[in-house]
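Asker: First the structure, which I've put down as structure tokens, then a few questions once you've had a look.
The values are calculated or read from the model by the stated rules, or taken from the named source; none is laboratory data. What you see is a predicted model, and the numbers here were worked out from it, not measured in a lab. Cβ placement follows ideal geometry from the backbone for every residue including glycine, while neighbour counts extend to all protein chains displayed. Note: accessible area is taken over every heavy atom of the protein model, side chains too, but ligands, DNA and RNA are not part of it. Shrake-Rupley method; radii C 1.70, N 1.55, O 1.52, S 1.80 Å.
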Amino acid sequence: MFRKRTTTERLWEILPGLQFWTVFFGSILLSLYKPIWAALFIICFDLYWVLKALNVATHLVAAYKRFKVVVTINWLDYAGRLKNLAEFQKFLATKIQNSPNAETRNYFKAEIKRIGKLIESSKHGGDFTNYYQLLLIPFIDESFEVIDSTLSAIAACNYPKDKIILTLGTEERAGQDAREIAQKIKEKYQTQFYKFFITVHPDRLEGEIKGKSANASFAIKSILPELEKLNIAVDQVLVSNFDSDTIIHPQYFAKVMYEFLTADKPYHSSYQPIAIYNNNIWDSPAFIRVVSVSNSFWQFTESSRPDRLRTFSSHTMTLKALLDVGLWKKDIVNEDGYIYWQCYLHYNGDYQVVPLFIPISLDTCLATTTWQTLVNQYKQKRRWAYNVEYYPHLVVPLLKSRAPFWDKMYKLYQYAEGNFNWATASILISSLGWLPLFLGGDAFRQSVIGYNLPLVTKTLMTIATFFLIFSVYINLILLPPRPKKYSAWRSVAMYLQWFLVPITSVVFGSLPAVEAQTRLMFGKYLEFWVTPKARKGENTALSMKEMQSVKN
């Protein structure tokens, strides 16, 4: 159900697609009539991407070092010690002496400094048992096995279950099968949590599109009266909106509570884990593995840059903030990212996303056939790239907001630049970069610039590709053990798959983004497309050593 757009909204919807097609056809015309200008533009663009690759590699390594430390800490113990910040600061000082490496020592030193600032600001400690974790899992047609594995990981987490309230959000349009799956799950797990609810989101409500945001908003509205009956105040609840295939780290909720209780403004913060696609990584085709690992590395990189970090996929925020902004917007496809902007606008820029550096594991795209798997991956990336739908909702309110001027302008630049590069970069680098040689004529090809253009572009792209070494290394470290059903050749393929990056960056990067932006440009709106979940064997997420519980 799509609402009618105003003229101003349509202009903002046209902008991202117009930018891409202007650059696309502009590159062709420039190569034809001004090949030297085109060549200089291409060299500058390639140089920009070399510097960007260096920057990404640096942040990836930094984030991984932090990640290695965080997953070795017993966060439930640390959260329990926050009742007295001064004593906790002394405790951290003792940990430095026993730290096995410089990264761990530096981490504890930074935490001691951070806790010291909280003490100086007269902030008192807190008791995490005063709060509840409300877990929301919207689903439509996922199998019992997928939902069961998600609940099994939650039930096994290292956190008091009497502080966990679980809600399965089903869809009326999914029919009786979905309700039966929800009921079976409830019968199996309801005794393991404080409360267990099932909600059924009605179909075709006014002002809604078919999507996760409408389901999640309805579920929260349905649960509020229940919380009131339980005498649970709004400011006592943290909400985790999980994808149905989310396998949490055993310390996930403990780490959330630690960050919540030590945040400068805990109710003006969202808490973002790092999504790793390891549930069925060994069963996926090589193309899909490259795409999935790249998604994870993007999360690593953004986590090391909190000024750029946005909410994505499964994450946690306070119920108070969620209600303050009116829940998730029900006519937005990508609600996971837009909820950040809702909070940023509502609080006039006084909102942040706190990186947890704790992993959650999700499914890679996988279907019964390789072709259908590739199609599903393309559709998933198209849906993610459809975050250009934010333009008419975001740009004008952001410019008018009372958020700090340079902060909001920088964030607007990040949003616009990210979407532009998503659609444009791989195509420019892989194909349009050679246009001056083909269209510029003999005079250009015989010029100094024309003669050296292939060598310069090849050299710059070779340098940029070099930084993939860091990605390959970290990918192999984070892989769960190879299932016995696969031979060593499957492990070899994990190395060789990185030669597919030039193809995947275009087919599963630029092209779905171009389609998403072009659809929005012409008013061919998308609804929420649910990525089908499939498993061909064991769920390997929790066999990854970084997903193991710790006791130290």
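Asker: Taking every pair of alpha-carbon atoms in region 459-552, give the share separated by more than 19 Å as a whole percent.
Answerer: Every Cα pair in region 459-552 considered, those over 19 Å come to 66 percent.
Asker: Could you give the length gained by full extension between E228 and T459, i.e. 0.36 nm per residue of separation minus their alpha carbon distance, to one decimal place?
Answerer: Result: 76.8 nm gained on full extension.
Asker: At 20 °C and 1.002 mPa s, grab the translational diffusion coefficient of region 244-339 from Stokes-Einstein with a Kirkwood Rh over Cα pairs, rounded to a whole number in µm² per second.
Answerer: Diffusion coefficient, whole number: 142 µm²/s.
Asker: In the full protein assembly as shown, how much of C44 is accessible to a 1.4 Å probe, in Å² to the nearest 10?
Answerer: Result for C44: roughly 90 Å² accessible.
Asker: Might you report the magnitude of the Cβ-based charge dipole of region 122-197 about its Cα centre, with Lys and Arg at +1 and Asp and Glu at -1, to the nearest 20 debye?
Answerer: Dipole size: approximately 420 debye.
Asker: On the full set of protein chains, 1.4 Å probe, figure out the accessible area of R10 and give it in Å² to the nearest 10.
Answerer: Near enough 60 Å² of accessible area.
Asker: Accessible area of D141, 1.4 Å probe, to the nearest 10 Å²?
Answerer: 120 Å²
Asker: If we count every other residue with Cβ under 14 angstrom of L40's Cβ, Lys/Arg +1 and Asp/Glu -1, where does the sum land?
Answerer: Result for the neighbourhood of L40: 0.
Asker: Under a 1.4 angstrom probe, counting protein chains only, how are T6, T373 ranked by accessible area, largest first?
Answerer: From most exposed to least exposed: T6, T373.
Asker: Calculate the dipole size of region 1-120 relative to its Cα centre from +1 charges on Lys and Arg beta carbons and -1 charges on Asp and Glu beta carbons; express the result in debye to the nearest 20.
Answerer: It works out to roughly 340 debye.
Asker: Per residue, what volume in Å³ does the Cα convex hull of region 90-142 take up?
Answerer: Cα convex hull per residue, to the nearest whole number: 175 Å³.
Asker: Could I ask something else about it? Counting only protein heavy atoms and using a 1.4 Å probe, what share of the accessible area of region 322-469 belongs to carbon plus sulfur, as a whole percent?
Answerer: Summing carbon and sulfur atoms, their accessible area is 65 percent of the total for region 322-469.
Asker: Also: Please compute the volume of the convex hull spanned by the alpha-carbon atoms of region 133-240 and report it per residue in Å³. Present the calculation step by step, with values, prior to reporting the outcome.
Answerer: Numbers: hull volume 10.8 nm³, N = 108.
Each residue corresponds to 100 Å³ of Cα convex hull volume.
Asker: Still on this model: Post the alpha-carbon centroid distance, region 1-70 to region 121-138, in whole angstrom.
Answerer: A separation of 39 Å, based on Cα centres.
Asker: Okay, next question. What fraction of the Cα pairs in region 4-53, stated in percent, has a spacing above 19 angstrom?
Answerer: Cα-Cα pairs of region 4-53 separated by over 19 Å account for 49 percent.
Asker: Continuing with the same structure: For the chain, give the share of DSSP beta bridges that are antiparallel, in percent and rounded to the nearest 5; count only bridges with both residues there.
Answerer: Here the antiparallel bridges make up roughly 25 percent for the chain.
Asker: Let me ask something else about it. Find how much the distance from N452 to S431 grows on full extension, using 0.36 nm per residue of separation minus their present alpha carbon separation; answer in nm with one decimal.
Answerer: Working it through step by step, the gained length comes to 5.9 nm.
Asker: Round to the nearest 10 and give me the degree value, 0 to 90, for the angle of helix 405-430's Cα axis relative to the longest principal axis of the chain.
Answerer: Orientation of helix 405-430: about 50 degrees from the principal axis.
Asker: If you count, for each residue, the other Cβ atoms within 10 Å and average over each peptide, how do 90-96, 213-219 line up from highest to lowest?
Answerer: My ranking of the peptides, most packed first, is 213-219, 90-96.
Asker: V61 to A110: extension gain in nm, 0.36 nm per residue of separation minus the Cα-Cα distance?
Answerer: Values: separation 49, 0.36 × 49 = 17.64 nm, distance 1.81 nm.
Residue separation times 0.36 nm, minus the Cα-Cα distance, leaves 15.8 nm.
Asker: Which one, S244, F139, V472, projects farthest toward the positive side of the charge dipole computed for the chain from Cβ point charges (K/R +1, D/E -1)?
Answerer: So the residue furthest toward the plus end is V472.
Asker: Let me ask another. Return one whole number: the accessible area per residue of region 128-174 in Å², for a 1.4 Å probe.
Answerer: Details: 1330 Å² over 47 residues.
Counting only protein heavy atoms, the per-residue value for region 128-174 is 28 Å².
Asker: Between region 386-456 and region 298-344, how many Å separate their Cα centres?
Answerer: Region 386-456 and region 298-344 have Cα centres separated by 25 Å.
Asker: With +1 on each Lys and Arg Cβ and -1 on each Asp and Glu Cβ, and nothing else charged, work out how big the dipole of the chain is about its Cα centre, in Debye to the nearest 20.
Answerer: My answer is approximately 860 debye.
Asker: Can you tell me the mean projection area, over all orientations, of the convex hull of region 424-470's alpha carbons? Units nm², please.
Answerer: Answer in nm², one decimal: 3.5.
Asker: Another question, if that's okay. As an exercise, use a Förster radius of 41 Å and the Cβ-Cβ distance of I96 and D307 to find the FRET efficiency, rounded to the nearest 0.05.
Answerer: Working: r = 28 Å, r/R0 = 0.68.
Working from the Cβ atoms, E equals 0.90.
Asker: Hey, for a label at K52 modelled as a point 7 Å past Cα toward Cβ, could you say which residues of region 410-434 have their backbone N under 15 Å away?
Answerer: Under 15 Å, as judged by backbone N against the label point of K52, lie 413-433 of region 410-434.
Asker: Provide the three semi-axes, in whole Å and in decreasing order, of the ellipsoid equivalent to region 347-442 as defined by the square roots of 5 times the Cα gyration tensor eigenvalues.
Answerer: Working: eigenvalues 207, 138, 33 Å².
Gyration-tensor ellipsoid for region 347-442: 32, 26, 13 Å.
Asker: OK, next. Tell me, rounded to the nearest percent, the portion of alpha carbon pairs in region 1-106 spaced more than 19 Å apart.
Answerer: Values: 3999 of 5565 pairs.
So the pairs more than 19 Å apart make up 72 percent of the total in region 1-106.
Asker: Along Cα→Cβ, 7 Å out, is where each label goes; now give me the distance between the ones at E9 and K524 in nm to one decimal.
Answerer: Result for the modelled spin labels: 2.1 nm.
Asker: Regarding region 225-289, what whole-number volume in Å³ per residue does the convex hull of its Cα atoms give?
Answerer: Working: hull volume 8.9 nm³, N = 65.
Hull volume over Cα atoms, normalised by residue count, gives 137 Å³.
Asker: Need one number for the chain: average projected area of the convex hull over its C-alpha atoms, nm².
Answerer: 27.1 nm²
Asker: Something else about it: Would you calculate the separation in nanometres between label points at F499 and L468, each defined as 7 Å from the Cα along the Cα-to-beta-carbon direction?
Answerer: 1.0 nm
Asker: Cα gyration tensor of region 306-362, axes a ≥ b ≥ c as square roots of the eigenvalues: rounded (a/c below 1.5), prolate (a/b > b/c) or oblate?
Answerer: Cα axes put region 306-362 in the oblate bin.
Asker: From the residues Y48, L29, L60, which one has its Cα farthest along the dipole of region 1-120 in the positive direction, the dipole being from +1 and -1 charges on Cβ of Lys/Arg and Asp/Glu about the Cα centre?
Answerer: Comparing the listed Cα positions along the dipole, L60 ranks first.
Asker: Moving to a separate point now. Rank K524, K408, K161, K484 by accessible area, highest first, at a 1.4 Å probe radius?
Answerer: Of K524, K408, K161, K484, the descending order of accessible area is K484, K524, K161, K408.
Asker: With each pseudo-label sitting 7 Å past Cα toward Cβ, what's the D442-K400 distance in nm, one decimal?
Answerer: It is 6.1 nm.
Asker: Across region 362-367, in residue order, what do the Karplus-derived ³J(HN,Hα) couplings come to in whole Hz, using 6.51 cos²θ - 1.76 cosθ + 1.60 with θ = phi - 60° and x for Gly and Pro?
Answerer: Computed from phi, the couplings for region 362-367 are 10, 7, 6, 5, 7, 10 Hz.
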